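Asker: Can you read through this structure? Questions will come right after.
The values are calculated or read from the model by the stated rules, or taken from the named source; none is laboratory data. All values derive from a computational prediction rather than experimental measurement. Neighbour counts are summed over all protein chains in view; Cβ atoms, including those assigned to glycine, are modelled from backbone coordinates with ideal geometry.
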């Protein structure tokens, strides 16, 4: 296998499509969101490209005994009443700094092939604490995109995210801009400790507005409820532990 | 030396051979198994290729004062009443992610040269506890291979191995499939803590069925007995230590 | 994007310019110094080159919601009464050993393009303790440069810096020398624990002498005062903590 | 600078020279030995090659304020009554696995240029304890070399060094053998904790026998005496500390 191989699985005519990236990251927000899009738009979507690379881990996944080599996948979606989509998913990010550059350029090559000129990179931004109101923080490759996204509820903050944006989502902006794409990164606030379907929903609601897609959230809300149960159990266990810890008074008896 | 060099040590005519890979890994199951095959079939085997690579550690092994540069070796075996074999052994795996891709492709190049179309990658799957009944868990590059292996006693489980298969064994499936090989990975269950000759035997018994080889296990069983002794001694030491640990009561006397 | 891309943003005619490097490093001395130069000479400076590379982290910075791909920048400065300057700044060093070689060569390529033959690499040398008198330690690519710099107050010490000079600043000397540049590294003493504007000022005062620039230090002194406040608060907190720690006598009461 | 650059500093005619490698390693045995050779044979030696590489750390050393880019150096020595020598020294080994392959091949390229066909790689083998009698353990690229080295006092042991030989010294054997060199590695036993001039002397005494060089050891013995002093002080401090540690009885008083 060459360092990079792009398999053309199918060809689909798209009308001015938007690339939406959802590779794994903080709180799995981006991948949850794009996988939900795929699920909801299943009837209109076709797997068009598989991207294999030495930059991915040397690994197969196994389902019911059958293996699949690590790759990224692009699905083409013809959306009846909205913008056509190219959805980018996968189980892994690149494993080296250089790999992020190489793979992002490969993803943008495919986007160009389908005449896409807009990119949305989806992800999470960690806040370090559990969240009630899920804000969506944004970053764009060009100032001209700020207003429409602000109107859709995206927050642009003076120095956030503080350390910039790293990995494929960051380079979708950085390399995208250099190649003439209009690229935006939408980051759902998330604690950073857990898989976060609610944050994914917040991000998708922005996309609904911008892309003219209409989504239902039943399956995502179910996963959110499951996560609530997990959080509840963790909190219970923590409270139990605190009650079991000897107090200062107890400790005095030891000596 | 170039980044990759394949030395043709000898040429042997093989009839539709099967590549069997046994590089070091969990419990040394794969390497124990293929080395046992080599030992048992010694009279019919010839070293045909040595594969050197910058991806191997920069290292020589030394035996009786004479050095040998790290490499992988391929032996051709003409099996009288069964399938001919290409046995892949070596002391090391690749040292980088990319190296696993590069070396697996090199191994498959040699397999193609000998007209092999089937691959068995042997290894261990860690269970975290000592094992009584040694199951062999499988993964295949194509669904069509499942039945015959199930008949030979291989177990295919819904989501196992959970993290997929990493390294050369995983890529034998993943790259093998892309290049048109039928590839199976046979993983003997093993604790993951110790070299495990019993697990290697379990894997070999599947191969006997599939390849029409007949093996004796005396030397492997001897190594298994030695390991049992080691385990026995470790358990004794642990029990002894537990008896030596002062109880809470003992501790009260210190103050 | 290629592994390395140099964007020509503007062209400026310079007269025998000096390359001054201030990428991030110990105490941020080098970057503080060159950024102060840029600020003070703003009226006479033009951004001439942006240097992008796979060797930089795969990252964008975000300011007010707009992203910028990690790069190094070169500003051309026409100094009215002194030497013309090429100022090299950026948010990151290379991320690999090889990357330092690749990027330093790229920086020197641009310097050659502007007919520069002299290089000053600015940085800090860590002393491990807070500093009253800020010495500037030097290293040069050629003995002939020692005297003039000693006259400007630079100290050259027998075996310092002990471990040599690593990264871009070191290679500005090492690769610079091989390519025919006269290169000097000016390292302000700094504790190594904190961003150090005073050390940056010490380094700049040497440059004023050597390059015929005249600088004001108001903004840098303000940052130094801010740092003093930070140090003061840290010291207060430490003293407070020491007072709160139970003495040996206190401890005796516990048992 | 290219990934690898070999500067021809001077040309010297050598008669069937032997390459002797002494890059840094365990106990600095190899580098101490070859640097002592250089010092003793100074009158007859000429620096012939400097080897620069991206595989070396991106670093300059600084002496009296003047920088030198990290490199390896080859000196040619015309030995009046013995074999001519090519002495390989340097401050660093390669920084990556692949780098060891690349640099060792470069060193052997230069050796071929000077018509060398024999290589001695010098180093230390760690024993983990202080040593009274300094044995020299050997490894050779070809069995035929064993006898002469055994006659010179080198010990060849069944499974030593246990983990093989890693780095340039190992590859001098491994790559050397593949390129038709006769290569031996001489490893002085050493504790592994300290720079060990005595171990270097043991290795050099073997070389004296094999190469017909005659060496004096005054300066090396002085360094050994200095190390003895250091060891003595460490042992004193350890004994002192043991006396200061409260005994079990002392501890009883605390509670």
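Asker: Residues of the range B:94-126 being in a loop (DSSP other than H, G, I, E, B) and either more than 9 Å from chain A (Cβ to nearest Cβ) or free of Cβ contacts under 8 Å to residues at least 60 places away in the same chain (or both), which ones?
Answerer: Matches in the range B:94-126: B:95, B:96, B:114, B:115, B:116, B:117.
Asker: Here's a follow-up. With respect to residue B:204, is the statement that it is in a helix (DSSP H, G or I), touching a residue at least 24 places away in the same chain (Cβ under 8 Å), surrounded by fewer than 23 Cβ atoms within 10 Å (Cβ to Cβ) and in contact with a helix residue (DSSP H, G or I) (Cβ under 6 Å, 6 or more places away or on another chain) true?
Answerer: No: the conditions fail for residue B:204.
Asker: Does residue A:154 qualify as being in contact with a helix residue (DSSP H, G or I) (Cβ under 7 Å, 6 or more places away or on another chain), free of Cβ contacts under 8 Å to residues at least 60 places away in the same chain and closer than 15 Å to residue A:121 by Cβ?
Answerer: yes
Asker: In the range D:127-162, which residues are surrounded by fewer than 13 Cβ atoms within 10 Å (Cβ to Cβ) and either within 8 Å of chain B (Cβ to nearest Cβ) or under 19 Å from residue D:207 (Cα atoms) (or both)?
Answerer: Scanning the range D:127-162 gives D:133, D:143, D:144, D:147, D:151, D:158, D:159.
Asker: What number of residues in the range C:132-181 are within 19 Å of the chain's Cα centre (by Cα) and not in a loop (DSSP other than H, G, I, E, B)?
Answerer: 18
Quick grid of which residues meet (1) facing chain C (nearest Cβ under 10 Å); (2) within 18 Å of residue D:172 (Cα to Cα); (3) not in a strand (DSSP E or B):
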site	(1), (2), (3)
D:5	yes, no, no
D:10	no, no, yes
D:23	no, yes, yes
D:47	no, no, no
D:57	yes, no, yes
D:67	yes, no, no
D:76	no, no, no
D:81	no, no, yes
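Asker: Quick check on my filter: what residues within the range B:85-99 are within 23 Å of residue B:60 (Cβ to Cβ) and within 15 Å of the chain's Cα centre (by Cα)?
Answerer: B:87, B:88, B:89, B:90, B:91, B:92, B:93, B:94, listed by residue number.
Asker: Same structure, new question: Does residue D:141 meet the test of being more than 21 Å from residue D:173 (Cα to Cα) and at pLDDT 95 or above?
Answerer: So residue D:141 does not fit the description; no.
Asker: Further, regarding this structure: Within the range D:207-223, how many residues are closer than 22 Å to residue D:17 by Cα and either part of a helix (DSSP H, G or I) or in contact with a helix residue (DSSP H, G or I) (Cβ under 6 Å, 6 or more places away or on another chain) (or both)?
Answerer: Number satisfying all stated conditions: 6.
Asker: Something else now. Does residue B:27 satisfy being modelled with pLDDT under 95, part of a helix (DSSP H, G or I) and away from every other protein chain (no Cβ under 14 Å)?
Answerer: In short, yes.
Asker: How many of the residues making up the range D:1-16 are surrounded by 18 or more Cβ atoms within 10 Å (Cβ to Cβ) and more than 25 Å from residue D:184 (Cα to Cα)?
Answerer: Number satisfying all stated conditions: 1.
Asker: If residue B:187 satisfies all but one of (1) under 24 Å from residue B:100 (Cβ atoms); (2) free of Cβ contacts under 8 Å to residues at least 60 places away in the same chain; (3) in contact with a helix residue (DSSP H, G or I) (Cβ under 9 Å, 6 or more places away or on another chain), what's the number of the condition it fails?
Answerer: Single failed check for residue B:187: (2).
Asker: A further question on this structure: I want to confirm something. Restricting to the range C:35-44 and keeping residues that are touching a helix residue (DSSP H, G or I) at 6+ places or on another chain (Cβ under 9 Å) and crowded, with 19+ Cβ neighbours inside 10 Å, which single residue is nearest to residue A:161 (Cα to Cα)?
Answerer: Once the filter is applied, the top-ranked residue is C:36.
The rows are residues; the columns are (1) closer than 16 Å to residue A:92 by Cα; (2) surrounded by 23 or more Cβ atoms within 10 Å (Cβ to Cβ); (3) at pLDDT 95 or above; (4) over 17 Å from the mean Cα position of the chain (by Cα).
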{"site": "A:18", "(1), (2), (3), (4)": "no, yes, yes, no"}
{"site": "A:32", "(1), (2), (3), (4)": "yes, yes, yes, no"}
{"site": "A:46", "(1), (2), (3), (4)": "no, no, yes, yes"}
{"site": "A:53", "(1), (2), (3), (4)": "yes, yes, yes, yes"}
{"site": "A:58", "(1), (2), (3), (4)": "yes, yes, yes, yes"}
{"site": "A:65", "(1), (2), (3), (4)": "no, no, yes, yes"}
{"site": "A:72", "(1), (2), (3), (4)": "yes, yes, yes, no"}
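Asker: For the range D:104-121, state whether one or more residues are surrounded by fewer than 24 Cβ atoms within 10 Å (Cβ to Cβ), modelled with pLDDT of 95 or more and farther than 23 Å from residue D:17 by Cα.
Answerer: No: zero hits.
Asker: Those residues that are farther than 25 Å from residue B:17 by Cβ and more than 7 Å from chain A (Cβ to nearest Cβ), I need them from the range B:163-188; list them, please.
Answerer: Once the filter is applied, which keeps residues that are farther than 25 Å from residue B:17 by Cβ and more than 7 Å from chain A (Cβ to nearest Cβ), the range B:163-188 yields only B:163.
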